[in-house]
Each structure stands twice: as structure tokens, then as C-alpha cells.
Amino acid sequence: MKHKNQVFDNVLDLVGKTPLIKLNKMTSQIKGNFYAKVEAFNPGHSSKDRIALYIIEQAEKQGILSPGDTIIETTSGNTGFSIAMVSIIKGYDCVLAVSSKSSADKIDMLKTMGAKVYVCPAHVSADDPRSYYQVAKRLHEEIKGSVYINQYFNQLNIDAHYHSTGPEIWNQTEGKITHLVACSGTGGTISGTAKYLKEKNPNIKVIGVDAFGSVIKKYHETREFDEEEIYPYRIEGLGKNLIPTATDFDVIDEFVKVTDEDSAHTARLIAKTEGLFVGYTSGAAMQAIKQLGEDGKFKKNDNIVVIFPDHGSRYMSKIYSDKWMSEQGFFDSINVEAAQSIEYIK
Ligand SMILES: Cc1ncc(COP(=O)(O)O)c(C=O)c1O
């Protein structure tokens, strides 16, 4: 229940209803009007608050969860943080199996939020017993009264965005949105949001963002799972080495692939030009828009909404560290002095 004068019962009352913010400088060279749905405004600083709250409340409604039960999940960090936050308020234990690709900051944050964390090797196949999927499955079998959120294969992940992100964007744009651009990891965000928006207006174009090294784009185009596409990449939360059932490929019109390096530089540029301190995949989504813009994809009166999934503070030891950027070779092809100052004018 909401109190008077903007006082809330607890932090969970603040999930969702994130702002849509017009992009100005980033997109000045591209035709169209661009708006970012800035999910860092969620109390857990990412879009994953929406699915954590929705899935847990659905389980409560169905009588699957009782106080003191354990919630288990595999996560690159954000979903874990959100589940840990919801668990604290609602009185559940939270157990998380995470990829070793996750930043040290993220893992420390999960521990701070009271979660028990298992760090699993990133570059093993999904059916390897050491993979975070298999570790989570095993823990689910071992811990009595546990619920496995399983975000990659949970239809409720799509439903959460169908019921929140989709209607919010439709209302915020007064139904004038023409394109949605969103990263696809589990696919829940893009699928649920797109499903709602396309029911309102089937002409809205939905563009997914995928990573080089991921199977998603090729699967969308051919319905073929091609292992040859798989190789390690650095962006967390984008693309996949399997086909998640939480992705509804039919509501997505096309996928664009972006590189680790371009996405990192673009994320840094968003902070410097728009004053928005957002995460690595926000850089990826913006990079996709740049590429689409260069291909002449957008028209002057188009209203393009891009989802920025999380906050930049989670990447201080990665893309916002000059040391990390140099180690990756991301400063090799550009003038480092320029990259570190404000000479990013296009
Ligand atoms: C930082 C970040 N961006 C984007 C995504 C992709 O969202 P979704 O899983 O809904 O496709 C995720 C999901 O793991 C994420 O953690």
C-alpha cells in the first residue's frame, strides 16, 4: 500500500515505472527520435528487478513458496541481485550459481545482499556438470523446499515484461513508438515487451542485439543451432551459447551483432555525452542503433526506444577501468589521450 507524500512500504514498491529519457547528442547524426528506457532507476539498478518480483509473487500466489524457503538461480549478476533483494524483504534464502565471467563487483554485491554464491567456470558447455546451469539444478535437487527461477527457460520471465515494461513504453510514448531496440540474453525483456507492443500495433519493428560469439542471431534467421558460432566474448548478459525458451523469436524482426570493443567505447560515450552512467549492454544496444543508423534504417519521424538494462557502477573494474580497457586491447586502435578526455565529438 502506498503512503502519502511518496513514502513507500519497502523498496519493492519502487520496482518498475522507470523513466524514458530522450537521447540528444548520441544520436545527433542519425535520423529519428531516440528515447532510452533507463532501467538503472529500478531499486536494484536493473531490469531484472521486474522479473525477480513478478516470478516470486507468482510462485507465492500458486502456493509454491512459503516463508523460509530457498530461491535458486543462475545469473550473470543482475538477476541474482534482484532476487536477493526480493528475498530479503519477503524472508527467503537466496542461493546463486554465477558465471566466472561476472565482475568481482557483482559477486561482492550479491554476497552483500545476503546471497550464498557459487562461482562456476564461464567457458564450459551448458551440459557440463561445472556449468552454472548444472550446479543450480543439483542444488535445487539437494535443497528441500527450494524454487529454481530458471530465467532462461521460464515463461514468466516474458510475462513480467509483457505486464510491465511493454505497457510502460506504450504509455510513455503515447503509442507513438515505431521501433524497439533491446539486448537479448534470456530474451525475456525483448520478447515480453515486444509481444505487448505488437499487440497494440503490429507495425512496430523489434530489433534484438546479439554478441559475436553467440548463437542467437543465426538461430533467429535459420532456426539452426550452430555450435560453430560459439566463442568467448566479454559482454555480460548479452547473447548465449544455447537457445533460451524465454526468447520468443517470432516477435523479433531482426538481430544485430555488436563487438565487445565497440560496445565498451559506446557505453563510455553515453556517459560523456548524455550524462547517463549505464552498463555494458546499454553500450551494446546503443552501438546497434549506430550501426542501424549508418545503414539508413531509421526515418526522420521514427520514434525509437532503446532499453538500457542496468547501471554503470557494476562495471567499474571492466569497461570503466582504463587499465581493463588497455588489457583488452580496446585502446590499441584509438588515440588513448583522446579516449580519456572529452574529445568524443562525432
Ligand atoms: C546487463 C544485462 N543486459 C541485458 C540483459 C538481457 O536481458 P534479457 O535476459 O531479458 O534478455 C541482461 C540479462 O541477463 C543483463 O544482465
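The values are calculated or read from the model by the stated rules, or taken from the named source; none is laboratory data. What you are looking at is a predicted structure, and each value in this text was computed from that prediction instead of being measured. Note that we place each Cβ from the backbone using ideal geometry, even for glycine, and neighbour counts take in every protein chain shown. Keep in mind that these areas ignore ligands, DNA and RNA; they rest on the heavy atoms of the full protein, side chains included. Shrake-Rupley method; radii C 1.70, N 1.55, O 1.52, S 1.80 Å.
Couple of notes before you dig in:
- Heavy-atom accessible surface of the range 113-196: percent carbon and sulfur, 1.4 Å: 51
- Accessible surface of the range 200-311, 1.4 Å probe, proportion on carbon and sulfur as whole %: 44
- The chain - charge dipole about Cα centre, Lys and Arg +1 at Cβ, Asp and Glu -1, debye rounded to 20: 960
- FRET efficiency for Glu199 and Lys22, using Cβ-Cβ distance with R0 set to 30 Å, rounded to 0.05: 0.75
- Taken over the range 44-85, the alpha-carbon convex hull comes to 62 cubic angstrom per residue.
- Dipole of the range 54-109, positive direction: furthest Cα of Thr75, Leu96, Gln58, with charges on the beta-carbon: Thr75
- Size descriptors for the range 47-201 (Cα atoms only): Rg and Dmax, in that order, 16.2, 50 Å.
- Over the range 209-301, relative contact order from alpha-carbon pairs under 8 Å, at least 6 apart, %: 28
- Take the chain with all the other protein chains still there, run a 1.4 Å probe, and you get 43 Å² of accessible area per residue.
- Folded to 0 to 90 degrees: helix 260-274 orientation relative to the chain principal axis, Cα: 80
- The peptide list 187-193, 258-264, put in order of mean Cβ contacts within 10 Å with the highest first, becomes 187-193, 258-264.
- C-alpha long axis of helix 48-61 to longest principal axis of the chain, angle in °: 30
- Label-point gap, in nm, between Glu57 and Asp332 - each point 7 angstrom along Cα→Cβ: 4.9
- FRET efficiency, 1/(1 + (r/R0)^6) with R0 41 Å, evaluated for Asp295 and Ile143 via beta carbons: 0.25
- Values of log10 I(q)/I(0), in the order q = 0.13, 0.16, 0.22, 0.25 Å⁻¹, for the range 7-91 under a Debye, Cα-only, solvent-free model: -0.51, -0.68, -1.03, -1.21
- Mean projected area of the Cα convex hull of the range 81-146, taken over all directions, amounts to 4.5 nm².
- Using a simple spin-label model with pseudo-atoms 7 Å out from Cα toward Cβ, Ala122 and Asp226 lie 2.4 nm apart.
- The range 280-333: C-alpha gyration tensor shape, a/c 1.5 cut-off, then a/b vs b/c: oblate
- For the chain, the longest principal axis of the alpha carbon atoms and the long axis of helix 280-294 meet at an angle near 30°.
- Total lysine pairs in the range 1-74 at Cα distances under 26 Å, for residues eight or more apart or on different chains: 15.
- With semi-axes defined as the square roots of five times the eigenvalues of the C-alpha gyration tensor, the equivalent ellipsoid of the chain measures 30, 24, 21 Å, largest first.
- All alpha carbon pair distances within the range 159-304 were sorted into 10 Å bins beginning at 0; the resulting P(r) in whole percents reads 12, 40, 38, 9, 0.
- The range 267-291 and the range 114-149 have Cα centres separated by 32 Å.
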